[in-house]
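Some notes on the structure that comes next.
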Amino acid sequence: MKHCFIFTLVFAAASAFVYAEDTAPPPPTDPAKSAAAESASKNSLALIELDKKEATEIRSLQEKAADVRKRLLEETKNYQNQIAAVKEKYRAERYAIMDRITPGSGSKLAKKDKDLADLESQFKKDMNVLNMTQRAEASKKELTKEKQDKLQAERNRVVKDYNEKRRKILSE
């Protein structure tokens, strides 16, 4: 019984020693290594924080750029409208002066300018329709060589008609 007691005591001490070794914090290592590990940890946290700040600042600048783009677009449209108004004003004065010099010449020129503007507008619309058709076909992946050739032939026809009508208007 004495032997069992001693054996149990030794076994318990050994188990306690192993348990203590498993749960104990690691022994102090080289202070330089632990300082380097701690520094690396702090640096990685600093990098994460820096990335967050960068993303926030970039997002803020992108929003500002979008606002500026929107404002510039509005200003550009405003200036284009002002330019169109000035052109119209001086065109009207030019037609009036031409009518005083040679009766009817100003109104003929006004009609010619209006016809040219209408022709130009129609040409742009027709070309836009053709381009949108081509883009739609391409996005559906249904744009074959045959369809491209048809669209190109239609484009050439529209340009040819535009040029003929323009020459006719200018020759009047």
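The values are calculated or read from the model by the stated rules, or taken from the named source; none is laboratory data. Bear in mind that the values here come from a model prediction, so they are computed numbers and not experimental data. Please note: Cβ atoms are built from the backbone with ideal geometry, for glycine as well, and neighbour counts cover all protein chains shown.
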Would you say Arg100 is of a type in the set (Lys, Arg) and in contact (Cβ under 8 Å) with a residue 24 or more places away in the chain?
no
Restricting attention to region 96-129, the residues that are part of a helix (DSSP H, G or I), small (Gly, Ala, Ser) and over 19 Å from Val159 (Cα atoms) number exactly 5
Mind telling me which of the residues Thr56, Thr23, Thr8 ends up being more than 30 Å from Asp113 (Cβ to Cβ) and either touching a helix residue (DSSP H, G or I) at 6+ places or on another chain (Cβ under 9 Å) or at pLDDT 70 or above (or both)?
Thr56
Residues in region 117-124: is at least one over 30 Å from Glu172 (Cβ atoms) and under 28 Å from the mean Cα position of the chain (by Cα)?
no
Would you check if Lys141 is basic (Lys, Arg), more than 30 Å from Ser171 (Cα to Cα) and not in a helix (DSSP H, G or I)?
yes
Taking the stated definitions as given, is Asp115 surrounded by 15 or more Cβ atoms within 10 Å (Cβ to Cβ) and either of a type outside the set (S, T, N, Q) or at pLDDT below 85 (or both)?
yes
Which residues, taken from region 94-116, are more than 38 Å from the chain's Cα centre (by Cα) and of a type in the set (A, V, I, L, M)?
Ala96, Ile97, Met98, Ile101, Leu109, Ala110
